[in-house]
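All remarks here apply to the structure that follows.
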Amino acid sequence: MQLYTSKNYKANNMQNDIDKLETPEQVSDLLIQLSGIDIYKQTRKNEYVEHRALLCYILRNKLDMRWHSISDFINSKGKSFVHATAIYANKMYPIYKQSNFDYYDKLESQFIVRSQLQYSQLSRLEIIEKKHQALEKDYFKAIEKLNKLTKESNLTHNEKQYRNLEEEQQDMYDERAALVLKSFEWKQNNSEYEIINCAT
């Protein structure tokens, strides 16, 4: 197996204050930067296979990504990669590591996740947030519908029927209702007059 030198391996002089990682893109970029190896190159040479295995190992065990998410990510970089290959690569990485332990141990130590909220958990949180927003929207719709039904339940039968009339029919209804209301007003005013009987 090839022993990587400073020509294609920069971890020997790495600083300890490397930014913590949050996304698979950041992990991928850092791995390529530190190793000098294009892990997406279409080749089965040992150093490429082993570094791809390291990538799968980090994405699975440090970012807690699902197998399909790992394969989709690597495929998006132009490297054909199914989820079964990701599983196998992750399984083989500890074996590859034993053959060049110091190198891989030091390289692996540079990949530090920013927080306990890992990549897949953040994805789940986004899904939960979207579901919450949808439920909240449905809730307000239900409240609005309930208020409408409550309001309508206080209406008389005629008032409910009125709302189902066409505009022309409502105009006719309004005209007739206005005449009825005026008759009530006339009767009310008429009842206020005192009837005086004059004795002759």
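Label separation (LEU179 vs LYS137): 5.0 nm, computed from points 7 Å beyond Cα along the C-beta direction. Working ranking of peptides 128-134, 92-98 by packing, defined as the average number of other Cβ atoms within 10 Å per residue, highest first, is 92-98, 128-134. Available extension along the chain between ASP29 and ASN46 is 4.1 nm, counting 0.36 nm per residue and deducting the alpha carbon span. Annotation: for a label point projected 7 angstrom from Cα along Cα→Cβ of ALA84, no residues of the range 24-65 have a backbone N closer than 11 Å.
Among 22-31, 154-163, 36-45, the peptide with the highest mean count of other Cβ atoms within 10 Å heads the list, and the full ranking is 22-31, 36-45, 154-163. Computed packing ranks the peptides 64-70, 175-181 as 64-70, 175-181, most packed first, by mean other Cβ atoms within 10 Å. Taking a 20 Å limit on the Cα-Cα distance, which of the listed pairs LYS79/LYS106; LYS20/LYS77; LYS20/LYS91; LYS45/LYS97; LYS62/LYS97; LYS20/LYS97 fall beyond it? Correct reply: LYS79/LYS106; LYS20/LYS77; LYS20/LYS91; LYS20/LYS97.
Derived from the Cα gyration tensor, the three semi-axes of the equivalent ellipsoid of the range 11-115 are 19, 16, 13 Å, largest first.
A short reminder: the numbers here are calculations on the coordinates, not readings from a lab. Here the structure is a predicted model, which means the values were calculated and not measured. Note that each Cβ is placed from the backbone with ideal geometry, even for glycine, and that neighbours are counted across all protein chains shown.
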